[in-house]
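See structure below.
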Amino acid sequence: MTTFKIEGESLKYKYWKRRYEKAQRMIRKYEDTIVDITTILIPTPSLMVIKFTTTNNGNRYELTVQGKYASLYKKVADGNEISDVEVNAETIIRDRMGEAFQINE
């Protein structure tokens, strides 16, 4: 059996290929972001660091928040773990996503 190629219309192909690539970029830009919270650290009573990844594009972020976290700091110092529900991490990430720094860990 022999295989061969039949030429298509090159100008129309180039045009539609560019439209397709642009559409894919726009889809990636506006798709939903799925966030996976990796760690929540409270190094001092007034500082909280939330590390998270976006699973659909694989970027890792770090968000530093200042506030009054003395009770949570004591809980962590005693050896207990804190959950993202206690901290309300989802709301913090939603509100401050623009302030998050992309990291390369």
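Miscellaneous remarks
- Among the candidates Lys22, Lys5, Lys29, the residue that is at pLDDT 90 or above, out of contact with any Phe, Trp or Tyr (no Cβ under 7 Å at 6 or more places or on another chain) and of a type outside the set (A, V, I, L, M) is uniquely Lys22.
- Residues in the stretch 56-71 that are outside any strand (DSSP E or B) and under 21 Å from Asp36 (Cα atoms): Asn56, Asn57, Gly58.
- Residues in the stretch 52-63 that are without any contact (Cβ under 8 Å) to a residue 24 or more places away in the chain and surrounded by fewer than 16 Cβ atoms within 10 Å (Cβ to Cβ): 2 in all.
- Val49 meets each of the listed conditions (1) part of a loop (DSSP other than H, G, I, E, B); (2) surrounded by 10 or more Cβ atoms within 10 Å (Cβ to Cβ) apart from (1).
- Residues that are free of Cβ contacts under 8 Å to residues at least 12 places away in the same chain and either among the basic types (Lys, Arg) or assigned to a strand (DSSP E or B) (or both) within the stretch 1-40 comprise Lys5, Lys12, Lys14, Lys17, Arg18, Arg19, Lys22, Arg25, Lys29, listed in sequence order.
- Against the criterion of being in contact with a Pro (Cβ under 7 Å, 6 or more places away or on another chain) and either small (Gly, Ala, Ser) or over 16 Å from Ile92 (Cβ atoms) (or both), Ala77 does not qualify.
- Residue check for Val76: surrounded by fewer than 10 Cβ atoms within 10 Å (Cβ to Cβ), part of a helix (DSSP H, G or I), over 15 Å from the mean Cα position of the chain (by Cα) and at pLDDT below 90: no
- Within this structure, Ile42 fails the test of being surrounded by fewer than 10 Cβ atoms within 10 Å (Cβ to Cβ), more than 15 Å from Met97 (Cα to Cα) and among the β-branched types (Val, Ile, Thr).
- Pairs linking a residue in the stretch 77-105 that is in contact (Cβ under 8 Å) with a residue 40 or more places away in the chain and under 12 Å from Leu63 (Cβ atoms) to a residue that is charged (D, E, K, R) and not in a loop (DSSP other than H, G, I, E, B), with Cβ atoms under 6 Å and 6 or more positions apart or on different chains, are Phe101/Glu62; Ile103/Arg60; Ile103/Glu62.
- All of Ile42, Ile37 fail the test of being touching a Lys or Arg at 6+ places or on another chain (Cβ under 8 Å) and closer than 23 Å to Ile93 by Cβ, apart from Ile37.
The values are calculated or read from the model by the stated rules, or taken from the named source; none is laboratory data. Keep in mind that this is a model prediction, so the values were computed, not measured. Note that we place each Cβ from the backbone using ideal geometry, even for glycine, and neighbour counts take in every protein chain shown.
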